[in-house]
Each structure stands twice: as C-alpha cells, then as structure tokens.
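Read the figures in this text as sums done on the coordinates, not as results from a lab. In this text, all values refer to a predicted model and were calculated from it rather than measured experimentally. When we count neighbours, we look across all protein chains shown, and the Cβ atoms used for this are built from the backbone with ideal geometry, even at glycine.
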Amino acid sequence: MPKFTYPIVFIMNPDTGAYNGFIPDLLIFAEGEELEKVYEQAQDILQKFFELQTKYQKEVPSPSTLDEVSAKWTGYKVSLVTANVSA
C-alpha cells in the first residue's frame, strides 16, 4: 500500500474562527471549524487524489520538505499529512 506524505499549512480565518488547510505542492484545500476536522478532510482528499493518480497512472508530484514549506509560510502552523492508498 503506497503511502504519500505532504506538508500542509493551517490558516485560521480571524473573522470566522474557521480553519483552512492548504497543501501547496498539490493546490489542495480543506476547511472546517476545528483543526482536527480540517486535517481529517485533507487526509481524505489526499487519499482520493492519489487513488486517481495511481488508477490512471499519472505522475506523482514530489513533496516539498517541511522546512521548505515552513520557510515560505512563516507565522503559520505547518505539519505533515499522510494518505495510504490501496494499490
């Protein structure tokens, strides 16, 4: 089972208190009221994305390092999100 791990940036909207999750390498967004829910949603989206990439034998973009993304997104919470994809 292939495993894909990418950096994710968490951004809080000060007007609503909601969170956005952004995976810059793939231009994937997730959103929600709680940070944990955004992380789970991003994980689900990432899994579906790579299931399709694998199914249609599309090239898989290489992830940036956590340090690279952290340097570009100073002041934001940056973490890693992983998806396991069935072959």
If each residue of separation counts as 0.36 nm, what is the full-extension length gain between E36 and K72 once their alpha-carbon separation is subtracted? 10.7 nm
Using the Cα centre of region 28-87 as the reference point, and only Cβ charges (+1 on K/R, -1 on D/E), how large is the resulting charge dipole? Debye, rounded to the nearest 20. 240
If the reach is capped at under 19 angstrom between alpha carbons, list the lysines near K37, excluding any in the same chain fewer than eight residues apart. K48, K77
Between Rg and the Kirkwood Rh of the chain, both from Cα atoms, what is the Rg to Rh ratio? 0.99
Divide by every residue of the chain the summed helix terms, -39500 (n - 2.57) for each DSSP H run of at least 4, and state the resulting mean residue ellipticity at 222 nm, rounded to the nearest 500 deg cm²/dmol. -10500 deg cm²/dmol
Please tell me the relative contact order of the chain in percent, rounded to the nearest whole number, where contacts are Cα pairs under 8 Å and at least six residues apart. 42
Would you mind counting up the charge near A18? Only other residues with Cβ under 12 Å from its Cβ, with Lys and Arg at +1 and Asp and Glu at -1. -3
Whichever lysines have a C-alpha closer than 19 Å to that of K55, once near sequence neighbours (fewer than 8 apart) are set aside: K3
Sequence-separation-based contact order of region 38-87, relative, with Cα cut under 8 Å and 6+ spacing, percent: 54
